[in-house]
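Q: The structure's right below; bear with me while I get my questions together.
The values are calculated or read from the model by the stated rules, or taken from the named source; none is laboratory data. Just so you know, these numbers come straight off a predicted model, no measurement behind them. Because the Cβ atoms are built from the backbone with ideal geometry, glycine has one as well, and the counts that use them run over all protein chains shown. Each accessible area value is taken on the protein alone, full model and side chains, heavy atoms only, with ligands, DNA and RNA left out. Shrake-Rupley method; radii C 1.70, N 1.55, O 1.52, S 1.80 Å.
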Amino acid sequence: MSRVDVDENRNIYYFLRTVKTMPGGDLPLSYPEQYTILYVDDERDMLNQGKNLIEKTGRCKVQTMSSAIQALDLPDILNYDAIVSEYQLPGMDGITFLKEIRKKDSEIPFILFTGRGREEVVIEAINNGANFYVQKGGDQVSLFADLTHKIRQAIEYKRANKLISYLNINQRKLAKAMNLAHVVHWEYEALTDVFTFDDCFFALYGTSAEREGGTQFSLQRYYEEFVHPDDREEALRKVREGLENPDPDAVTYVEHRIIRRDGQIRDILVGMGVIRDSDGKIIRTYGANQDITERKKGEKALERAYRQIHLLTEVTRHDIINIFLNCIYILM
């Protein structure tokens with residue numbers, strides 16, 4: 001894990017944590033602001049000093065233990081945000097402790113903290129899944145400041161990966177759901193008059209990015225080449241209404257027909273949102289198009305059925321009235 005990777009993932013984590021506080025940005029993963037750290041060291045003075053200096057930042061709560069064997073007996077050992085361990089410990093050294101932890105959990109951050117600086121120890125630690133290796137020595141304040149920094153890096157790296165993994169999984173679920181619902185998305189840059197489509201969008205329209213010469217379309221080209229000519233004026237009117245709506249959260253819905261590249265005419269429902277700058281000027285629109293052809297066919301079939309029922313009811317009513325009048329005429 002390079003410094004660049006850590007910083008990049010940390011930035012992603014902070015960005016996603018910010019997104020979580022925005023409207024519509026809820027994520028299923030939320031974390032307390034304070035990290036919980038298990039620090040194992042057989043040097044009592046080092047444990048006490050380390051606990052005080054690490055907790056001094058206000059971001060960490062440290063539990064100390066003097067034995068890796070005892071630490072492994074903790075029922076909640078995997079609930080800590082990170083584990084820091086000395087290498088030379090009685091009964092079980094730090095590398096063995098690391099191996100035992102990795103049998104239980106492959107992701108919990110583990111930092112080997114030791115006075116031993118042999119290269120083979122460093123290599124063994126990294127090969128067995130240690131996130132960092134910190135060598136003791138020098139000024140204690142600087143030493144524990146560096147250790148605290150690495151603890152935070154390791155924890156944030158793990159959390160960022162979890163968030164990224166969650167987003168990737170849900171992105172795949174969303175894509176699958178959109179495919180099942182015949183939904184595709186798009187963006188339009190108002191400043192450059194450019195639509196950006198993807199392969200799924202083009203597939204719905206019976207074509208491909210390769211066939212169209214790229215993923216970008218002007219507004220005029222889209223309307224002239226895809227929107228049914230009988231629907232263009234009404235569709236543009238509804239789009240203009242949506243653009244004039246000052247509500248930043250408003251969604252405009254527009255139904256119109258398209259003509260696919262294979263000649264098929266399909267019914268489309270467009271949902272459109274607007275992004276404005278600080279001056280209220282539109283800089284981008286975005287949305288999703290859903291093929292509702294089958295739904296429209298169902299609606300038309302239902303309308304026909306209602307008309308037939310109504311007609312049948314009227315005919316039956318007329319027949320009943322005629323029979324009733326005939327009966328009266330006979331009785332007279």
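Q: Pull up segment 67-81, narrow it to residues that are out of contact with any Phe, Trp or Tyr (no Cβ under 7 Å at 6 or more places or on another chain) and touching a residue at least 40 places away in the same chain (Cβ under 8 Å), then point me to the one that is farthest from ASN131 (Cα to Cα).
A: Result: ASN79.
Q: Separate question: If you scan segment 267-296, which residues turn out to be free of Cβ contacts under 8 Å to residues at least 60 places away in the same chain and part of a strand (DSSP E or B)?
A: ASP267, ILE268, LEU269, VAL270, GLY271, MET272, GLY273, VAL274, ILE275, ARG276
Q: Moving to a separate point now. Anything in segment 136-163 that is within 24 Å of SER106 (Cα to Cα) and either of a type in the set (Phe, Trp, Tyr) or not in a helix (DSSP H, G or I) (or both)? List them, or say none.
A: TYR157
Q: For residues that are buried (at least 18 other Cβ atoms within 10 Å of the Cβ) and either of a type in the set (Val, Ile, Thr) or within 21 Å of PHE202 (Cβ to Cβ) (or both), tally how many sit in segment 240-254.
A: 2
Q: So, in segment 52-75, how many residues would count as being closer than 19 Å to GLU33 by Cα and among the acidic types (Asp, Glu)?
A: The qualifying residues number 1.
Q: Does GLY50 count as modelled with pLDDT under 95, more than 30 Å from the chain's Cα centre (by Cα) and at positive phi?
A: No.
Q: Only residues that are under 19 Å from ASN79 (Cα atoms) and out of contact with any strand residue (DSSP E or B) (no Cβ under 8 Å at 6 or more places or on another chain): list them for segment 101-158, please.
A: Within segment 101-158, LYS103, LYS104, ASP105, SER106, GLU107, GLU156, TYR157, LYS158 qualify.
Q: I'd like the full set of residues that are open to solvent by 80 Å² or more (accessible area, probe 1.4 Å), of a type in the set (D, E, K, R) and farther than 20 Å from GLN70 by Cβ, limited to segment 94-128.
A: Scanning segment 94-128 gives GLU107, ARG118, GLU119, GLU120.
Q: Here is a follow-up. I'd like the residue in segment 196-218 that is hydrophobic (A, V, I, L, M, F, W, C) and within 17 Å of GLN290 (Cα to Cα) and, out of all such residues, is surrounded by the most Cβ atoms within 10 Å (Cβ to Cβ).
A: Looking at the filtered set, the residue picked out is PHE197.
Q: Please pick out the residue among LEU27, LEU74 that is at pLDDT 85 or above and either aromatic (Phe, Trp, Tyr) or over 22 Å from ALA125 (Cα atoms) (or both).
A: Sole residue among the options that is at pLDDT 85 or above and either aromatic (Phe, Trp, Tyr) or over 22 Å from ALA125 (Cα atoms) (or both): LEU74.
Q: Then there's this: Sort through ARG237, ARG261, ARG257 and tell me the only one that's among the basic types (Lys, Arg), open to solvent by 80 Å² or more (accessible area, probe 1.4 Å) and within 23 Å of LYS296 (Cα to Cα).
A: Of the residues listed, the single one that is among the basic types (Lys, Arg), open to solvent by 80 Å² or more (accessible area, probe 1.4 Å) and within 23 Å of LYS296 (Cα to Cα) is ARG237.
Q: Condition test on TYR87, is it surrounded by 14 or more Cβ atoms within 10 Å (Cβ to Cβ), modelled with pLDDT of 90 or more and aromatic (Phe, Trp, Tyr)?
A: Against the criterion (surrounded by 14 or more Cβ atoms within 10 Å (Cβ to Cβ), modelled with pLDDT of 90 or more and aromatic (Phe, Trp, Tyr)), TYR87 qualifies.
Q: Further, regarding this structure: Please state which of the following conditions GLU241 fails to meet, knowing it meets all the rest: (1) modelled with pLDDT of 90 or more; (2) touching a Leu at 6+ places or on another chain (Cβ under 7 Å).
A: Every listed condition holds for GLU241 apart from (2).
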